[in-house]
Amino acid sequence: MRTLAIAAVALLAPFAVRAGATSAASPAPAPACAADAGWDDPSPPYHLHGDTWFVGTCGITALLVTSPQGHVLLDGGTAKGAALIEANIRAAGFRVEDVRYIVGSHEHFDHAGGIAALQKASGATVVAREPAAVVLESGRSGREDPQFAMLDAMAPVAGVRRIGDGEELSLGGWRLTAHATPGHSPGGTSWTWRSCENGACADIAYVDSLTAISDDEWRFSDHPDYVASLRRTLDAVAVLPCDILVTPHPSASDLWSRLGPGARQPLAQEGACRAYAGKARERLDKRLADEATTPPQR
């Protein structure tokens, strides 16, 4: 496995709290997020595990992996949601200026629309696989994306650093592994890392969306190579190290039944990635079966 080792280039100002510790000023109690919450419905930050925090909204995930040498932010939400993510980073007791790297799940405006603003606020380097990097830098997807006609443009992101499948992003002792998981979008990427607290360690898997959806002009059955790529993604996701599964849309992995005031199930669940991939495979098969009985639009 190759390693993309990225060292911090400046000394950090003191953090408001030690990385991984709960904030001294805990956020006020908030109602549980609904499973069908809107993308920009506000959520307080939640301590996920070890030095990992949920800093997104009720409808869109953003994660912060913290260290004394700086932090990694996973996903940037919508253009409107960027301010909510920044506020959550501060509410959790960290400084957005200490975010050194921003990575993402896929290059759609609901998850990447806020990256440019968060890059500006933090001075962070954005890291992405090549297909996603091209879109982030231009602010617009191409027809190779099944959802092209449904996607809003985004503010362009400057100087995206490329990372490859299986490469690692390292910072402050953390090693986040990038996994190429195209299908929902060409640049889909999942991330895994090892998290420890109080002597207990867990593998966290931030797994990209796997749904086979498209605009009215795209038929998956007309693109067998793309379908084959998505099937390889499902195979790869099923075997990821995955004690704790988190997805870009919290509802896709029932996160609000496992985290926050509405939690009724354990955060860690055996076989979560395998089950997530299995459901996506069923949806893909149904989509292909539906297309087989529906004539293409001309």
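The values are calculated or read from the model by the stated rules, or taken from the named source; none is laboratory data. Note that the coordinates shown come from a computational prediction; the quantities given were computed from them, not determined experimentally. Here the Cβ positions follow ideal geometry from the backbone for every residue, glycine too, while neighbour counts run over all protein chains shown. Heavy atoms of the whole protein, side chains included, go into the accessibility calculation; ligands, DNA and RNA do not. Shrake-Rupley method; radii C 1.70, N 1.55, O 1.52, S 1.80 Å.
For residues in segment 118-150 being surrounded by fewer than 21 Cβ atoms within 10 Å (Cβ to Cβ) and either among the hydroxyl-bearing types (S, T, Y) or touching a helix residue (DSSP H, G or I) at 6+ places or on another chain (Cβ under 6 Å) (or both), which is farthest from V72 (Cα to Cα)? Per the stated criteria, the residue is S138.
Just one of (1) of a type outside the set (F, W, Y); (2) within 26 Å of L118 (Cβ to Cβ); (3) exposed (fewer than 14 other Cβ atoms within 10 Å of the Cβ) fails for D225. It is (2). E217 meets all of the listed conditions (1) open to solvent by 10 Å² or more (accessible area, probe 1.4 Å); (2) part of a strand (DSSP E or B) but one, namely (2). Of everything in segment 69-94 that is open to solvent by less than 10 Å² (accessible area, probe 1.4 Å) and of a type in the set (A, V, I, L, M), the residue that is nearest to G139 (Cα to Cα) is A82. Within segment 247-298, the only residue that satisfies the criterion of being outside any helix (DSSP H, G or I), in contact with a helix residue (DSSP H, G or I) (Cβ under 8 Å, 6 or more places away or on another chain) and charged (D, E, K, R) is R264.
Taken as a whole, the condition of being of a type in the set (G, A, S) and touching an Asp or Glu at 6+ places or on another chain (Cβ under 7 Å) does not apply to S170.
Does any residue of segment 263-282 turn out to be at pLDDT 95 or above, of a type in the set (F, W, Y) and out of contact with any strand residue (DSSP E or B) (no Cβ under 9 Å at 6 or more places or on another chain)? Looking through segment 263-282, none of the residues is at pLDDT 95 or above, of a type in the set (F, W, Y) and out of contact with any strand residue (DSSP E or B) (no Cβ under 9 Å at 6 or more places or on another chain). In segment 17-44, the residues that are under 17 Å from A87 (Cβ atoms) reach residues that are at pLDDT 95 or above and loosely packed, with under 14 Cβ neighbours inside 10 Å with C-beta atoms within less than 8 angstrom, at least six apart or across chains, in these pairs: D40/K80.
For every residue, the table says whether it meets (1) of a type in the set (A, V, I, L, M); (2) at pLDDT 95 or above.
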{"residue": "A5", "(1), (2)": "yes, no"}
{"residue": "V9", "(1), (2)": "yes, no"}
{"residue": "A24", "(1), (2)": "yes, no"}
{"residue": "A30", "(1), (2)": "yes, no"}
{"residue": "D36", "(1), (2)": "no, no"}
{"residue": "D40", "(1), (2)": "no, yes"}
{"residue": "G50", "(1), (2)": "no, yes"}
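Between A236, A212, A202, the distinction of being buried (at least 16 other Cβ atoms within 10 Å of the Cβ), assigned to a strand (DSSP E or B) and either modelled with pLDDT of 95 or more or aliphatic (A, V, I, L, M) (or both) belongs to A202 only. Which one is least open to solvent (accessible area, probe 1.4 Å) among residues in segment 240-283 that are at positive phi and touching a residue at least 60 places away in the same chain (Cβ under 8 Å)? Applying the filter and picking the extreme gives G260.
So, L230, is that one open to solvent by less than 10 Å² (accessible area, probe 1.4 Å) and closer than 20 Å to L73 by Cβ or not? Criteria not met by L230.
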